[in-house]
Amino acid sequence: MIETSVIGSYAWPSWFFTSIEAMKRNEYGIRDIEETLNDAVDLAIRDQEDAGVDVISDGEMRRIGFFTAGFYGRLTGLGNMEPSPRRIGPAGHDQRERYEALEPIAAPEGLGLVAEYRYARKRAQRRIKVPCPGPYTLAGRIKTPGKHYRDRMEVAHAFSDLIRTELQQLVREGADFIQLDEPSYAVHPDAPSEFVKLFNRTVDGVDARISIHLCFGNFTGRPVAHRTYAPLFPHILDTRADEFAMEFANRELAEIELTARLAEAGKDVAAGLVDVKNYFVESPDLVAQRIRALLAYVPPERLSVTPDCGFSQTARWAARAKLRAMTEGARIARAELA
């Protein structure tokens, strides 16, 4: 009961920032890059396991970014990158580049998740969850209307086919827990029924435990929309997801009553009870208190505890401290139930 997990990305150590800049300057050879990425994954796994997290990830360290660098670089059909409209001043969502689809999007050599899983499986002692950006979120950097795609949803369906193929290969490799990250669902809540169709198409034939991660964006630690899940209901209950990962800590547990509807629909809840956008480090007692609040709506066998989002925008010292507080808070809550 009350398992602990993570969302996906992990905090970068200081040396990794230096290494990434050296790679951009073409100072690293292929073996240098491989060694650096392997070391980064090892560190992420070690920090999670040292903190006592039950279900871990590889930290998404090989992706070097949520999706643009890690996935767009594997695609064919893209070109004419449009620079960000604002390049000076505080970092924000309006500083991100966009791409044009010159041909139908394809991934001849896959999206890289299989290789990520193979390595993590050899290094990890705990169960591994494989996170993957969902198709609607991946479609967010492609300009529309364009030569091949009329709108973002059409681009998303093209990505859906690529992702489904990758997930099926992951299952054949032995992966049994896969999470699709779709922060864009909550950011664009005007077409919930279309999101359901898209999600279900993407996971069709994927024989694994499927989680859907819904948040409000975390680029530079900032959300990008009005933070409410309510417009997604009741349509979102029709997704073929076994678990819903949702952020609650940074919203002071707003809308936790919606989790009752998930539990009633037979869905598990991965509740974000640690705030990755805040440098206040929660105490174990505070995490336990938040768990007690969730237990008023979700039975303990359907509840797990996670950070609100990935730790990629958080300093490593804070990420480590927050993970320890999260696992200790879950231990307190489990002891109380026992």
Sorted by packing (mean other beta-carbon atoms within 10 Å per residue), highest first, where do 168-179, 99-110, 128-139 land?
-> 128-139, 168-179, 99-110
Taking Cα pairs closer than 8 Å and at least 6 residues apart, the relative contact order of the chain in percent is 20
Over the stretch 5-70 - Rg/Rh using Cα atoms and the Kirkwood inverse-distance radius = 1.00
Selected from Ile88, Ile20, Ile256 as most flexible by GNM, with the chain as the system and alpha-carbon contacts under 10 Å | Ile88
State the antiparallel share, in %, of DSSP beta bridges confined to the chain, rounding to the nearest 5.
-> 10
Projected convex hull area of the stretch 3-337, Cα atoms, direction-averaged, in nm², equals 16.2
Hey, what number do you get for the chain at 222 nm if only DSSP H runs of n ≥ 4 count, each worth -39500 (n - 2.57), divided across all residues, to the nearest 500?
-> -12000 deg cm²/dmol
Put +1 on the Cβ of each Lys and Arg and -1 on the Cβ of each Asp and Glu in the chain; which of Pro108, Thr202, Gly29 then has its Cα farthest toward the positive end of the dipole?
-> Gly29
Magnitude of the Cβ-charge dipole of the chain, K/R +1 and D/E -1, about the Cα centre, nearest 20 debye?
-> 420
Counting only C-alpha contacts under 8 Å and six or more residues apart, can you give the relative contact order of the stretch 48-150 as a whole percent?
-> 34
Between the stretch 181-214 and the stretch 228-287, what's the alpha-carbon centroid distance in Å?
-> 16
Taking neighbour Cβ counts within 10 Å as the exposure measure, how do Thr239, Thr228 sort from fewest upward?
-> Thr228, Thr239
Looking only at lysines whose Cα falls under 25 Å of Lys197's and that sit 8 or more positions away or on another chain, we get Lys129, Lys143, Lys147, Lys267
For the chain, modelled as a GNM with alpha-carbon contacts under 10 angstrom, which of Met326, Met61, Met153 fluctuates the most?
-> Met153
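Read-outs: derived from the displayed coordinates by stated rules, not from any lab. Note that this is a predicted model, so its numbers are computed, not measured. Note: ideal-geometry Cβ built from the backbone for every residue, glycine included; neighbour counts use all protein chains shown.
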